[in-house]
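Working notes for the structure below.
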Amino acid sequence: MMQRISGSWNPKSTMWMRAFPMCFSLLRDPRHGIHALSSLWQDSLHRTGKTHGSHWRFNVISPKPNELEGWYSRRWTRSATTLNDTRQQQLAERKDLHKLLTVIVFDIETTGFKGQFNRIVEIAFRDLGGGENSTFETLVYPERRICNSKFHGINDDMVMKDGVPRMEELIPIMVQYIESRRKQDGHVLLVAHNGRSFDVPFLKCEFERCNFQIPADWFFYDSLRLARKLFKSASLGALVHKYKIELVGKPHRAMTDVNALSEIVPKLAHDLEISIADLVKDSFTVSELSKTSSKKKGPASKAKSETSEQKV
């Protein structure tokens with residue numbers, strides 16, 4: 001359950017009613033092989049019986065409040081699952097793990113390297129289980145100038161358009177989207193490349209800045225850890241080249257990276273002969289991340305990660 005640190009939030013408030021030009025997409029592209037993942041994962045994760053057709057996408061512009069709520073199967077204000085200190089281990093050992101776990105790949109683009117001093121300008125998610133509304137992407141108005149547009153191509157004009165949400169407005173929508181993908185009494189595993197050093201700490205900073213907390217029962221996995229078991233050069237760009245992934249979209253954009261990583265993770269798992277249960281065992285929560293980085297001042301410098309080519 002998402003908690004706001006101070007004050008209260010009403011889903012029927014003016015903030016909720018504001019129209020966001022966010023893109024909720026149904027991406028069904030058989031040539032990517034994402035929905036099947038790999039033969040190794042099919043038995044452990046994809047037994048939901050979903051069907052997949054041709055690629056198509058739709059945009060939702062200026063929705064009414066009741067229409068927005070209708071996009072989801074459940075509200076984000078569901079009760080959090082009670083877990084103990086060995087929750088990842090216990091979940092991984094469940095024989096019905098494939099019925100409980102939702103794997104979501106995500107990526108962010110930012111104004112700079114550290115979450116303490118910079119802002120997110122774009123975020124994208126993709127549920128590897130596929131299905132209706134399986135992807136989510138949006139620009140974010142950072143309330144400051146964007147000085148690194150040359151890297152990701154996102155400029156001030158793009159984020160200052162009417163309807164582009166601020167982070168404090170986006171967080172409840174974003175959390176509701178992720179919770180809508182959660183299976184009945186299930187769990188979510190969010191995967192990002194270099195996520196432990198950059199994406200998750202940065203996201204944590206944004207949540208805290210807006211007086212929210214990331215749900216304690218969200219599990220995170222850093223795919224960079226997986227890639228380094230196989231390759232010396234484990235950047236997303238290197239992996240795209242290694243696995244001959246065809247990029248869909250502009251380089252260095254959030255959904256482009258998400259689409260690429262959605263293909264790469266199953267391939268890495270297949271090559272390493274590991275199951276989804278192994279990823280769950282090696283996942284972490286925000287509270288665990290805070291404990292290991294308590295001596296640090298903030299998220300690791302993305303400059304360092306970019307220098308070592310951790311992104312595309």
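The values are calculated or read from the model by the stated rules, or taken from the named source; none is laboratory data. Everything quoted here is computed from the prediction, not taken from an experiment. For neighbour counting, all protein chains shown are included, and Cβ atoms are generated from backbone atoms with ideal geometry for every residue, glycine included. Accessible surface is based on the protein model in full, side chains and every heavy atom, while ligands, DNA and RNA are left aside. Shrake-Rupley method; radii C 1.70, N 1.55, O 1.52, S 1.80 Å.
For this structure, a couple of remarks:
- Ligands, DNA and RNA are left out, and with a 1.4 angstrom probe the accessible area of region 128-187 is 40 Å² per residue.
- The chymotrypsin sites (Phe, Trp or Tyr not before Pro) of region 196-284 that DSSP puts in a loop, and whose beta carbon has at most 16 other beta carbons within 10 Å, are Phe231, Tyr243.
- Distance between the modelled labels on Asp162 and Lys232, one decimal in nanometres: 5.6 nm (7 Å Cα→Cβ projection).
- In region 99-180, chymotrypsin sites (Phe, Trp or Tyr not before Pro) in a DSSP loop with at most 14 other beta-carbon atoms within 10 Å: Phe117
- Per DSSP, loop trypsin sites (Lys or Arg not before Pro) in region 86-131 with at most 12 further Cβ within 10 Å: Lys95
- Note on region 96-137: dipole from Cβ charges, positive end direction compared against Asn118, Leu101, Gly131; the farthest Cα belongs to Asn118.
- Shown for region 156-204: the carbon plus sulfur share of the solvent-accessible area, taken with all protein chains present and a 1.4 angstrom probe, equals 40%.
- Sites Arg144 and Cys210 - FRET efficiency at Förster radius 22 Å, r taken between beta-carbons, to 0.05: 0.90
- For the residue pairs Lys183/Lys232; Lys232/Lys281; Lys250/Lys281; Lys204/Lys242, the alpha carbons lie more than 25 Å apart in Lys183/Lys232; Lys250/Lys281; Lys204/Lys242.
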